[in-house]
Structure formats: structure tokens, C-alpha cells
């Protein structure tokens, strides 16, 4: 499932007859605001367009110089948080709310625009209207006008009008379709956004439009096939973006995100996890800038932690924190993971801190009858931890008692410490368990064909070493001689939160990137 923060301001959308009546007025306003068209053959269009672009860049430089007013991190889905998008949405790329000139509230949603920025925007628009272009260049001029209007939230409705006019005047102008899709996405019209991105692709191959369409499909579900179908369509678009731009790290990054989404929604296939990690690594190989994307490091750490590659997950979270010092999410998760590993090792070393009769009552071998349905001829042989080897242990079963339980931050799994009665202790992590299912201290567990792993994590001067056993489903266990009931199983789901890394203000010509899976967590 996907959690998104709704736009802090919804603009440009009206329902009922009022929308029909207002449309001609809006069309007239948009047409009147177009840069003046000259009567020539367009020989001076390139110079005129360069002048328009200079005016837009000057406007964004003005915004960058404004004093910081309200702080807050960017709620966009784009790690680069570009500042040249036509709208100021809160859950799609292009939101400039991380810029000091675009204040946010406590939730990161845009608040009122500074008066001086709005005034400067209007002054720039007046200067742009004095620049003459031919009818052939009017569409591109309207895209630049929309870019100027995108400097703050107040210009979002007019920006969308300018882009709508641009695609009518020049249907083959792919950039206008793409920016229009972002504007519609910004006000919550995902279906309209997907149609615009598809419109851009109808007029030519475009890696950016592919990336955006991939994410729009993940964000709200595509047409047909349900959520699984939309994720497969999203993956196909991400793969097409990579084919279109194999040296673009952003395309590989979006492909990695598509595989992560499919991993959690599609049964946690090891192949999807492997491909996601490969795509992230390829993003860094082909594009040095990708290595500076904090969202990439956070998203990869999300998957690595689920794979119990704790050392690499900690490194990724630390890297994300270093790249985005104002971003709370990776710093918080890094601290939580360190704390979890510390508590887990301490509890294993102290055998759950059990004392006296309670501790003595859990000592000694467990009777084979607790194997329950696993027992009998042909069943696995009960073995203590010392008799197991790292990796798979076919035709063996671990019989042990629960000595404590832990729930990591985010509730991603149930972790319990077990003692085998012969002096061995290990951490058993059960994935895909329902929130209301659990075990009690003293319960007997039988784990068939356990996959044993020796964890050794060294990070920031701290060392964590323990035996671990990963269990993919609670239904594969036997608890006190019985299988858990069917409702004990609840597959993990990926919840996406729009709290990606705040970034330094990029130059106004920086292209918007596709929204990421930043802030991903499993449920």
C-alpha cells in the first residue's frame, strides 16, 4: 500500500457547471498572457527563448536569496527537489518547498507565499510578455512561462493553464506534456498525470516521461490488473527508461524502486530483491551523481535491513544522513537499528534476563513430542544449535524455548530469543506474522530445516555478534506442539511516505526527477 501526504493546497480544480463556465475565461486569460507573437518567420525565436530562459533563471536566483522563513524538510517524492516545476505539489516531483523561499508548516506542507516572491514573479511575467516570439515558438515560450509561475504555489493554477495551452498549440512538444502531467499530479489528478506522460511518449521516446509514468503507476494504481498489474506496468516503464537512457543514473534508480515495490507486493521474491540491489548499484556505476542521492541509500538500506544484512543497512543509513543532514528519517532509523542490535545481543548474552526458578525451568532438553506434526517416521531429526551448520539444515529441526521477544522499529517482524536446553541461544526472526500473533516466554518452538546464520556487524566502533535464524512465515513453525492458525500469516506490505531528503536548492534549470520510494517501510 502507499501512504502519501495530500497536497497542502489544491488549486486549479473546480467541479460542476462552474468549471464549464469558467473555462473560456481561463483560456482567454492564458492566451492573453502568452508572450507576444511577432509577424516574422521566427528567425529571432532562439534569441527570444534564451532571453525568456534568462528571466526565469533570474527569478529563481531571486528566490534562492530570500531569507529562510519557516524551515521544514521537503515533502516531495523527488530526492533532487528541483525548483523549476510548474506547480508546487506536496507529493510529486518539482515541489520547491524545501527552498528557503517556499515556507512549510510543521508537516512540510506549503504555507502562504512570501509577498516579495509573488511580486517578483509578476514582474518577471511582465518582462516575459514583452519578448516577441513567432507562432512557431509560442508553445516553448508557454513552457518557460509555466516554469516562472512554478516558483511558488500562488502561480500553480496559471502554470497549468499555460501548459494546457502549450500542448494545444504544439501537440508534439513532449516537455509541455511532461510538465503538465506534473502539474496535474500536484493537485491529485493521477489519471490525468498518467495520460499526460503517455501523451509525451506518443510524440517520441523520453526517459523522463517513462520514469514519471512508472512512478505515477506505482503511486495510485494503473488501469487494469489491480495493484499487481499496475506494479508490473510500472516496472515495464522503468525498464523502458533504462533502455532509453542506459547512462542515466536516475533511470536505474527508478528501476530499483520498481523492483523494491514488486518485492514487497509480490511475495518477497529473492530475484526481485537481487535485481533491485543490482539496479541501485548500476545507478551509481553509470552516474556519479547517483551516489549522492540520499533517497537511493535509504531505499537500499530498507531492503538490506529486511534481508538482514545489517552492516550494509547501517552503512546506507549513515550515508543518507551524511548527504542530507537535515533529514530526520535516516538518522532516526540508524539510531533505532543500532539500539535494536545492542538490545538483542544483550538479551541473548543474559538469556532474556531470566532469573531463579523461571530460568531453571527453561533448562534441559525438550521432549520430541513438542515436534507435533513434524514428528514421526520420516520427519526431521531434533538437533541442538551446536549440531547445526551455517546455511540450510535439511532434515533437521531445532527444538527450543522462547526466552524473550522484541519488535524492531516499524514492526517489520517478530524477533525472539530462543534457548535449546543445551546451552545454545539464537535470535529467531519471523516475517509476515499478523500484528496480533505472538509467542510467550517459555513457549516451545520447533523450527524445521532451519537456515542458520552467524551475524557479525562492526559499525562505528560497536560490534554485534549473534546466531540468527530467519523464518519466512509463522505457519512453518510449531508452537507448543501445534501449528499456528491461518490468521497468524499477514504478508508484509510496503508503505511509502513522502518525507524524502531535503536538498540544497538546485539551479533553476535542473530537470525534475521521478518521485522516489523515500521513507519506505514495511508493514
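The values are calculated or read from the model by the stated rules, or taken from the named source; none is laboratory data. Bear in mind the structure is a predicted one, so any value in this text is a computation, not a measurement. Here the Cβ positions follow ideal geometry from the backbone for every residue, glycine too, while neighbour counts run over all protein chains shown.
Quick notes on this structure:
- Exclusive hit being part of a helix (DSSP H, G or I), over 29 Å from residue 288 (Cα atoms), touching a residue at least 24 places away in the same chain (Cβ under 8 Å) and touching a helix residue (DSSP H, G or I) at 6+ places or on another chain (Cβ under 9 Å), set 199, 181, 192: 199
- One residue alone among 145, 140 is assigned to a helix (DSSP H, G or I) and either at pLDDT below 95 or buried (at least 24 other Cβ atoms within 10 Å of the Cβ) (or both), and that residue is 145.
- Restricting attention to segment 180-214, the residues being under 21 Å from the mean Cα position of the chain (by Cα) and under 21 Å from residue 245 (Cα atoms) number 12.
- Residue 300 closer than 22 Å to residue 407 by Cα, assigned to a helix (DSSP H, G or I) and either at pLDDT 95 or above or out of contact with any strand residue (DSSP E or B) (no Cβ under 7 Å at 6 or more places or on another chain) (or both): yes
- Considering (1) at pLDDT below 95; (2) exposed (fewer than 15 other Cβ atoms within 10 Å of the Cβ); (3) more than 21 Å from residue 312 (Cα to Cα), the lone condition that residue 405 does not fulfil carries the number (2).
- Filtering 265, 276 for residues that are over 22 Å from residue 140 (Cβ atoms), in contact (Cβ under 8 Å) with a residue 40 or more places away in the chain and within 17 Å of the chain's Cα centre (by Cα) leaves a single hit, 265.
- The residues in segment 428-450 that are surrounded by fewer than 16 Cβ atoms within 10 Å (Cβ to Cβ) and more than 22 Å from residue 409 (Cβ to Cβ) can be counted, and the count is 3.
- Where residue 247 falls short, out of the listed (1) farther than 20 Å from residue 198 by Cβ; (2) part of a helix (DSSP H, G or I); (3) modelled with pLDDT of 90 or more: (2)
- Residue check for residue 366: modelled with pLDDT under 95, out of contact with any helix residue (DSSP H, G or I) (no Cβ under 8 Å at 6 or more places or on another chain) and surrounded by 14 or more Cβ atoms within 10 Å (Cβ to Cβ): yes
Residues are listed down the side, and each one gets a yes or a no for (1) in contact with a strand residue (DSSP E or B) (Cβ under 7 Å, 6 or more places away or on another chain); (2) under 24 Å from residue 301 (Cβ atoms); (3) buried (at least 17 other Cβ atoms within 10 Å of the Cβ):
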site	(1), (2), (3)
180	no, no, yes
186	no, no, yes
189	no, no, yes
193	no, no, yes
216	no, no, yes
233	no, no, yes
247	no, no, no
257	no, yes, yes
261	yes, yes, yes
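- All of 151, 131 fail the test of being in contact with a helix residue (DSSP H, G or I) (Cβ under 6 Å, 6 or more places away or on another chain), crowded, with 22+ Cβ neighbours inside 10 Å and outside any helix (DSSP H, G or I), apart from 151.
- The one condition in (1) modelled with pLDDT of 95 or more; (2) under 19 Å from residue 341 (Cβ atoms) that residue 413 fails to fulfil: (1)
- Checked against the criteria, residue 175 does not count as assigned to a loop (DSSP other than H, G, I, E, B) and in contact (Cβ under 8 Å) with a residue 12 or more places away in the chain.
- Check on residue 208, modelled with pLDDT of 95 or more and more than 22 Å from residue 323 (Cβ to Cβ): yes
One line per residue, one yes/no per condition, for (1) within 19 Å of residue 175 (Cα to Cα); (2) buried (at least 23 other Cβ atoms within 10 Å of the Cβ); (3) modelled with pLDDT under 95; (4) more than 27 Å from the chain's Cα centre (by Cα):
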residue: 43; (1), (2), (3), (4): no, no, yes, yes
residue: 50; (1), (2), (3), (4): yes, no, no, yes
residue: 54; (1), (2), (3), (4): yes, no, no, yes
residue: 57; (1), (2), (3), (4): yes, no, no, yes
residue: 67; (1), (2), (3), (4): no, no, yes, yes
residue: 73; (1), (2), (3), (4): no, no, yes, no
residue: 81; (1), (2), (3), (4): yes, yes, yes, no
residue: 84; (1), (2), (3), (4): yes, yes, yes, no
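- Looking only at residues in segment 456-473 that are in contact with a strand residue (DSSP E or B) (Cβ under 6 Å, 6 or more places away or on another chain) and over 18 Å from residue 407 (Cα atoms), the one that is surrounded by the most Cβ atoms within 10 Å (Cβ to Cβ) is 457.
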